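The values are calculated or read from the model by the stated rules, or taken from the named source; none is laboratory data. Bear in mind that the values here come from a model prediction, so they are computed numbers and not experimental data. Cβ coordinates were reconstructed from backbone atoms using ideal geometry, including for glycine residues, and neighbour counts include every protein chain displayed.
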Amino acid sequence: MSITTENAGLKPLFEPVTIGAFEAKNRIFMAPLTRSRSEAKTNEQTGLHALYYAQRAGAGLIVGEATQISKQGQGYAWTPGIFTDSQVESWEVVTDAVHEAGGRIFCQLWHVGAISHPVFQPNGGQPVSASAWTPEGEAFVGDRHEDGPQVPFEEARALRTDEIPGLIEDFRHAAKCAAEAGFDGVEVHCANNYLIDQFIRSATNDRDDNYGGSLDNRLRLMREVVDAVCDVLPADRVGVRLSPQGGPGGTEDANPEETYPAAAKALAGRGLAYLHVIRPNSHTGEGKDESGDTILHTMRAAFDGPFIANGNFEPDEAAKWIADGHADAVTFGRLFLANPDLPERIAQDGPYNEPDESTFYGGGAEGYTDYPSLQQVDDPLPA
């Protein structure tokens with residue numbers, strides 16, 4: 001169903017746009033949002049997730065919550081996986097519900113690297129990263145640790161060079177699983193100071209092999225993972241997410257103005273579905289300023305495909321970015337979390353539900369599927 005608005009300034013948000021292999025019905029996309037409601041032991045999704053995403057199928061595209069590619073890739077309690085048969089089957093229920101409601105959904109492929117804790121790791125081992133380091137802050141371990149739900153991070157070890165092919169294979173396998181689960185495509189998570197970004201950022205990469213040292217070497221893992229994913233999916237069903245600043249762990253790149261436009265350029269020429277970039281904002285631990293916008297504009301110029309912007313946008317600013325050619329679409333996080341029918345609400349200038357931060361992570365339906373819509377969406381899995 002197409003939506004229109006009488007507000008001329010918002011009209012760019014409601015124009016269709018080609019994103020890789022498909023045409024999105026609008027440019028109001030849903031950002032990936034970790035909500036920590038998956039099954040604790042199996043990391044599977046449930047009917048509750050199917051309802052949550054079906055309620056938000058009015059988005060031009062849903063980028064699903066970050067989903068670990070392996071047991072080693074997990075760093076938060078109650079997050080989903082996409083590497084076992086049972087996880088694939090659980091996600092099929094979700095993708096079917098989204099498609100039935102007229103939406104499209106990508107799976108975000110995720111390895112947290114150092115932003116983890118031994119309680120999540122195979123045999124209680126150390127988390128892995130580009131180099132050995134200890135992130136600032138605390139890991140969200142939920143009920144997996146007697147001192148939980150949050151405990152201090154522990155030191156991560158450097159991945160050995162001979163372990164990297166196995167890591168790349170994990171991404172390839174997860175992409176194959178996502179296709180089997182019915183996702184319309186995948187987004188490779190190279191942002192937020194998680195594993196691939198830990199290789200990109202100078203502060204967390206002091207390697208002396210082919211994956212460290214020069215900027216070209218620090219970008220190597222990103223390129224090889226994207227290549228591997230494109231081995232099993234058409235490139236026009238593969239997106240990539242980057243973030244020049246911010247994310248957990250307390251580290252930054254020494255020269256993001258050079259590093260991240262170079263990353264965008266390295267992704268050009270591949271026919272990817274899109275590049276999705278987070279600008280610095282209050283929710284990523286960085287204040288919004290003109291330098292963050294400038295990096296995004298430079299990255300937009302360096303990449304040759306659809307460009308999706310994210311980072312605490314209000315609808316009017318998002319529409320202006322699209323009208324000015326700075327982005328082809330904008331992803332909304334908290335606004336979509338609290339307003340399942342966000343495109344309809346934007347079209348009529350609100351009103352908007354306020355998000356309940358106390359229910360962001362963990363729990364059940366409260367603060368998840370009970371935000372009111374202008375029109376009720378039926379549960380795709382009736383009792």
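Of the residues G212, G246, the single one that is in a loop (DSSP other than H, G, I, E, B), modelled with pLDDT under 95 and not basic (K, R) is G246. Looking at G102, G75, just one residue is crowded, with 21+ Cβ neighbours inside 10 Å and outside any helix (DSSP H, G or I), and that residue is G75. Annotation: of all residues in segment 173-203 being touching a Cys at 6+ places or on another chain (Cβ under 8 Å) and in a loop (DSSP other than H, G, I, E, B), the one that is farthest from V229 (Cα to Cα) is A181. Please verify whether segment 231-242 includes one or more residues that are outside any strand (DSSP E or B) and among the β-branched types (V, I, T). For segment 231-242, residues outside any strand (DSSP E or B) and among the β-branched types (V, I, T): present.
Of all residues being part of a loop (DSSP other than H, G, I, E, B) and in contact with a Lys or Arg (Cβ under 9 Å, 6 or more places away or on another chain) in segment 123-158, which is nearest to L233 (Cα to Cα)? Just the residue, please. My answer is A130.
Can you tell me how many residues in segment 39-71 are small (G, A, S), buried (at least 23 other Cβ atoms within 10 Å of the Cβ) and under 27 Å from D85 (Cβ atoms)? Matching residues across segment 39-71 total 4. For C107, the conditions (1) among the hydrophobic types (A, V, I, L, M, F, W, C); (2) closer than 30 Å to D236 by Cα; (3) assigned to a helix (DSSP H, G or I) are fulfilled apart from (3). Test D170 against the criterion of being charged (D, E, K, R), assigned to a helix (DSSP H, G or I) and more than 30 Å from E89 (Cα to Cα), and give yes or no. The answer is no for D170.
The residues listed here are D253, D206; of these, the one that is in a loop (DSSP other than H, G, I, E, B), touching a helix residue (DSSP H, G or I) at 6+ places or on another chain (Cβ under 6 Å) and charged (D, E, K, R) is D253.
Is it true that T18 is part of a strand (DSSP E or B), modelled with pLDDT of 95 or more, in contact with a Gly (Cβ under 7 Å, 6 or more places away or on another chain) and β-branched (V, I, T)? Here the answer is no, as T18 does not meet what is asked.
Scanning segment 80-99 for residues that are outside any loop (DSSP other than H, G, I, E, B) and either buried (at least 22 other Cβ atoms within 10 Å of the Cβ) or touching a helix residue (DSSP H, G or I) at 6+ places or on another chain (Cβ under 7 Å) (or both) turns up G81, Q87, V88, S90, W91, V93, V94, T95, A97, V98. Screening the candidates G182, G166, G125 for the property of being surrounded by 16 or more Cβ atoms within 10 Å (Cβ to Cβ) and either within 25 Å of L48 (Cβ to Cβ) or not hydrophobic (A, V, I, L, M, F, W, C) (or both) yields one hit, G182. P127: without any contact (Cβ under 8 Å) to a residue 60 or more places away in the chain, under 22 Å from K41 (Cβ atoms), touching a Ser or Thr at 6+ places or on another chain (Cβ under 7 Å) and not polar (S, T, N, Q), yes or no? Yes.
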